[in-house]
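Here the structure comes first, spelled out in structure tokens, and everything after it is commentary.
The values are calculated or read from the model by the stated rules, or taken from the named source; none is laboratory data. For clarity, every value in this text was computed on a predicted model and none was experimentally measured. So basically every Cβ, Gly included, is an ideal-geometry build from the backbone, and we count neighbours across all protein chains shown. In case anyone asks, the SASA skips ligands and DNA or RNA and just uses the protein heavy atoms, side chains included. Shrake-Rupley method; radii C 1.70, N 1.55, O 1.52, S 1.80 Å.
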Amino acid sequence: MDNEKLFHSTAHVMAAAVCRLFDNVRIDIGPATENGYYYDFDLGHRLTPDDFDAIETEMQRIIDADLTFECREVSRSEAETLFRDLGQTYKLERLADIPDGAAITLYQCGDFVDLCRGPHLERTGRIPAFKLLSVAGSYFRGIETNPMLQRIYGIAAASAKELRRQLAVIEEARKRDHRRLGRELDLYSIQEDVGPGLIHWHPRGARIRAVIEDYWRREHFREGYELLFTPHIGRAELWEKSGHLGFYAQNMYSAMRVDDHAYYVKPMNCPFHIQVYKSRNRSYRDLPLRWAEMGTVYRYEKTGVLHGLLRVRGFTQDDAHIICTPHQMTAEIRRAVRLAMRMWCRFGFTDISAYLANRPAKAVGEDKRWDQATQGLDDVLREAGVSCTVDEGGGAFYGPKIDLKVRDALGREWQMSTIQFDFNMPERFDMNYTGEDGKMHRPYMIHRALLGSLERFMGILIEHYGGAFPLWLAPEQLRVLPLTDKQLTVAETLMEQLRQADFRVSIDRRSERIGTKIRDGRLERIPYLLIVGPREAQNGQVAVRSREAGDLGAMPVAALQERLRSETAEPERAE
């Protein structure tokens, strides 16, 4: 069954049911989404999940009636008269969006009619199974000054069995929600007094981030990158030259005045990296240059789209720029893809696919450069054995790109790494290098982000592991649990010994029963709990409980350290 038709048809049935149950309902849009559907309503009744049973019952009546989805094309004046008579003011505004000369179609099932392009199933009776999930507020057209509507989300499936499977996945996703786990595990917070979309990393979250950044730096140094640190603000002239004030101003924060100059906080790092390149003359012998930065940038996002760590206003991007000669291009792409694949595997993501976005209708740069860059991207992906889908015309106006997407433990696909050619910036900033022939040449520039936003990556990582991070990433790898206060001194010595061996370890000093300490450690998803009782203290051992393997019994501290080192060791690098 066509999911788009199924989802869209179920959305209409839901809207029809709401209109039957409540008075003075004004409807907006009700599209199919990737995993279901939603519909936006304006009505006097405040919808809650308590209303879902009644809505679902009415939906089932409409489905059992096996009503036909009838499509008819009408004139603009006919549609205006219809929706004006029905009092559907939002539909009149949507109607105004349709260009003159374009077809205007209505879909009707029973007494419900909607302005809609389709597609739909033939009849309501073809909907096998459905469920309403949640209700949330949504501004009309996503604009905060517009009326707040009520949005009901739902899913539909080809069978009751498939619906149960989807509901199980949704429930698992709810348990793994990074916002919930972020609170429970004390990883981060968003302080509304400071501002929405701005992340405060707590010690445990900051420790994970530090581990990620340390690994990131090691890998980049091994791959021949150098690090840059650049300012957080820059004069308006820089952003005018880069083009950001021309095409990205709506996502930038307002200017601040400093010494009679307008300054902007940076939304991107690239103009600063170019300034470093232009700080002196460059030769072909200097290239390639691989420059990376954990650069914090700030981009304005509407309040309604902010979402935990996944959509924020201030974030740190693992940005890099590769500046090379044309003949170095393919080798540099190969290195970047290889690095991305190795890093994703290290973080536990092995289902990776690629999307190759080629030249759009409007683009800058010579055809020869576009063809060479696009072919170089394609060749490297084929060589790496990565499944690739061509995104026709999906490249930016300034160059083709590769987007790498990963699937998490729940099978959800996330767009992560990007390798993006840029024929625009080198021209705008007049970047050059002296070639072997003694003449000036224009370098190739590649933008490259592997993890993307660290905040978004952390959100995905939390949900992928359900908060139970592997030992090498866990903010607290070990917790020492003295059986009684009499073992506290021995436990303190053990903690210090493990800390000096570079393990992340704490001690539970509470005067609680050992069962309570073990339970709390498990709830906090600590990989290893180390119990020290009289026998262990006397024998110089520790009783070990593994989060994954359970009770491992007593062992010498040296044997424990060997086990931990083996478990945290990085895989051998494949060349």
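List of remarks:
- Counting only strands (runs of 3 or more DSSP E) that sit wholly inside region 129-227, those with at least 2 residues that are under 22 Å from T57 (Cα atoms) and not acidic (D, E) are 129-139, 148-157.
- Residue tally, condition touching a strand residue (DSSP E or B) at 6+ places or on another chain (Cβ under 6 Å) and within 21 Å of R165 (Cβ to Cβ), over region 30-55: 4
- Looking only at residues of region 424-454 that are in a helix (DSSP H, G or I) and open to solvent by less than 20 Å² (accessible area, probe 1.4 Å), we find that the one that is modelled with the highest pLDDT is L454.
- Restricting region 323-361 to residues that are in a strand (DSSP E or B) and over 24 Å from the mean Cα position of the chain (by Cα), the residue that is farthest from R217 (Cα to Cα): C324
- Qualifying residue in region 117-127 (condition: open to solvent by 20 Å² or more (accessible area, probe 1.4 Å) and under 30 Å from E301 (Cα atoms)): yes
- Which listed residue, of R72, R61, is open to solvent by 70 Å² or more (accessible area, probe 1.4 Å) and within 16 Å of V113 (Cα to Cα): R72
- Among residues of region 36-58 that are more than 16 Å from F112 (Cβ to Cβ) and small (G, A, S), those with a Cβ under 9 angstrom from a residue that is assigned to a loop (DSSP other than H, G, I, E, B) and open to solvent by 70 Å² or more (accessible area, probe 1.4 Å), sequence gap 6+ or separate chain, pair up as G44/D23; G44/N24.
- For region 390-418, a tally of residues being outside any strand (DSSP E or B) and in contact with a strand residue (DSSP E or B) (Cβ under 7 Å, 6 or more places away or on another chain) returns 5.
- The selection criterion, being among the basic types (K, R), under 25 Å from W216 (Cβ atoms) and open to solvent by 40 Å² or more (accessible area, probe 1.4 Å), holds for R311.
- Unique match (being among the acidic types (D, E), farther than 16 Å from C109 by Cα and either open to solvent by less than 70 Å² (accessible area, probe 1.4 Å) or outside any strand (DSSP E or B) (or both)) among D51, D66: D51
- Search result, residues across region 1-33 that are in contact with a Phe, Trp or Tyr (Cβ under 9 Å, 6 or more places away or on another chain) and outside any helix (DSSP H, G or I): F22, V25, R26, I27, D28, I29, G30, P31, A32, T33
- The conditions of being touching a residue at least 60 places away in the same chain (Cβ under 8 Å) and surrounded by fewer than 18 Cβ atoms within 10 Å (Cβ to Cβ) are not met by P99.
- Any chance W370 is over 30 Å from A136 (Cα atoms) and either surrounded by fewer than 18 Cβ atoms within 10 Å (Cβ to Cβ) or in contact with a Phe, Trp or Tyr (Cβ under 9 Å, 6 or more places away or on another chain) (or both): yes
- Residues in region 10-65 that are of a type in the set (D, E, K, R), at pLDDT 95 or above and under 20 Å from A158 (Cβ atoms): E56, D64.
- Residues that are open to solvent by less than 60 Å² (accessible area, probe 1.4 Å), hydrophobic (A, V, I, L, M, F, W, C) and under 37 Å from the mean Cα position of the chain (by Cα) are absent from region 77-89 altogether.
- Among the residues of region 141-172, those identified as among the basic types (K, R) and open to solvent by 70 Å² or more (accessible area, probe 1.4 Å) are R141, K161, R164, R165.
- Test: V490 is closer than 26 Å to Y528 by Cα and aliphatic (A, V, I, L, M): yes
- Filter result for V364 (farther than 30 Å from A474 by Cβ, more than 19 Å from the chain's Cα centre (by Cα) and touching a residue at least 60 places away in the same chain (Cβ under 8 Å)): yes
- Any pair with Cβ under 6 angstrom, 6 or more apart, that starts in region 178-198 at a residue that is over 18 Å from R456 (Cβ atoms) and ends at one that is of a type in the set (D, E, K, R) and modelled with pLDDT of 95 or more: D186/R204
- Considering the conditions (1) more than 36 Å from the chain's Cα centre (by Cα); (2) closer than 16 Å to R504 by Cβ; (3) open to solvent by 60 Å² or more (accessible area, probe 1.4 Å), N539 is excluded by exactly one of them, (2).
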